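Report on the structure given below.
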2 protein chains.
Amino acid sequence: MTTAAKPSSRERLLEAAATLTYRDGVNIGVEALCKAAGVSKRSMYQLFESKDELLAASLEQRASAYVATLLPAAGDGRSPRERILHIFEQVESQSGEPGFQGCRYLAVQIELKDRNHPASRVAHRIKADLTAFFRTEAEAGGASDPDLLARQLSLVFDGASARAGIGADRLAGLVAPTVTTLLDAADMR
Amino acid sequence: MTTAAKPSSRERLLEAAATLTYRDGVNIGVEALCKAAGVSKRSMYQLFESKDELLAASLEQRASAYVATLLPAAGDGRSPRERILHIFEQVESQSGEPGFQGCRYLAVQIELKDRNHPASRVAHRIKADLTAFFRTEAEAGGASDPDLLARQLSLVFDGASARAGIGADRLAGLVAPTVTTLLDAADMR
């Protein structure tokens, strides 16, 4: 295709839900979402059972872009240690972008305060996938305790993005030495 | 005094705001807050300029109890390393309590998404006080880079409480080894 298809109502709603909940929080109203998407409430409810389902679908849809910007390419020839550090370089770099509010998958769970909400379930799974990535690399790099290292890296990931998101830390000179110390302590190659 | 004074309207509003925003989020309505406190909206607005101010005051009021449950007693004779580890033992222990949703001062900032909100300002200051405590202990313990260690400990604190709050990690076997590794790397006594 040489011309981009005009986004459908569904696509515009997903985009509006992702953008507005990230910027304003999960309590953004249906009216505001529909207005931003240029879609009637009636159409929205024909496409999504509820606002909760729209929110869950918008997180799901963002997941592949999220993974692509964060994770190194499969089989890029770098060592597990370098592949892990790559992720934290992305976090540090993203945290300097205007409008950065931390990891959307952490924020949505903190805001919803309901682990059974459909959007919490999606966010939980996407974050568990990141921990699984760390676990795989930790094992490939010969970490002394891959489970522990994967949990530690997930903790640093969330702590770093949360603190940058609220403006408590700018991350420069913090994330790389912290991750390096943990990788060294785990005897990671 | 041998008998506890009946809590005032102001105290009941502060308590309701602290409890309900922690449980349900910052978007809890004024009606719900007044109902829980048994105070009329008219009285609320005589005591607080706005819901935002009530929320800020409730965070402020909780700060001393928060510090007391988290921080070691001044001059308790323990080493700076032990005093730092004490805080993380508290985090791990608190994270197992029913209704735990992570650090309220982190959550409120993530939810409000507005660094100039009066409640964000209070929360930001209380968290900066914790980083300052880490900085003081790091220096007293001869850390090679007290600023870096204080930032690292704050990052672990927020990462740990956030991940426990959303149910992504139970923290057992995670926090103590992570903090110990960072303290060792900083040559902390």
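Descriptive notes on the structure:
- Which listed residue is of a type in the set (Lys, Arg), surrounded by 13 or more Cβ atoms within 10 Å (Cβ to Cβ) and on the phi > 0 side of the Ramachandran plot, from B:51, B:113: B:113
- In this structure, residue A:41 does not satisfy being of a type outside the set (Val, Ile, Thr) and more than 28 Å from residue B:112 (Cα to Cα).
- Of all the residues in the range A:120-145, those that are more than 9 Å from chain B (Cβ to nearest Cβ) and within 18 Å of residue A:71 (Cα to Cα) number 14.
- Flag if residue B:178 is assigned to a helix (DSSP H, G or I) and at the interface with chain A (Cβ under 9 Å from one of its Cβ atoms): yes
- Some residue of the range B:99-106 being surrounded by fewer than 21 Cβ atoms within 10 Å (Cβ to Cβ) and either over 13 Å from the mean Cα position of the chain (by Cα) or among the small types (Gly, Ala, Ser) (or both): yes
- Test for residue A:20: is it surrounded by 12 or more Cβ atoms within 10 Å (Cβ to Cβ), within 19 Å of the chain's Cα centre (by Cα) and more than 14 Å from chain B (Cβ to nearest Cβ): no
- Residue in the range A:106-119 that is in contact with a Gly (Cβ under 8 Å, 6 or more places away or on another chain), more than 10 Å from chain B (Cβ to nearest Cβ) and touching a residue at least 60 places away in the same chain (Cβ under 8 Å) present: no
- In this entry, residue B:142 passes the filter for residues that are modelled with pLDDT of 95 or more and at positive phi.
- Lone qualifier among A:170, A:163 - being surrounded by fewer than 19 Cβ atoms within 10 Å (Cβ to Cβ) and among the charged types (D, E, K, R): A:170
- Test result for residue B:136, over 20 Å from the mean Cα position of the chain (by Cα) and among the hydroxyl-bearing types (Ser, Thr, Tyr): no
- Within the range A:145-175, the residues that satisfy the criterion of being assigned to a loop (DSSP other than H, G, I, E, B) and free of Cβ contacts under 8 Å to residues at least 12 places away in the same chain are A:167, A:168, A:169, A:173.
- Flag if residue B:91 is of a type outside the set (Gly, Ala, Ser) and within 29 Å of residue B:150 (Cα to Cα): yes
The values are calculated or read from the model by the stated rules, or taken from the named source; none is laboratory data. Quick caveat: nothing in here was measured; it's all calculated off a predicted structure. Note that we place each Cβ from the backbone using ideal geometry, even for glycine, and neighbour counts take in every protein chain shown.
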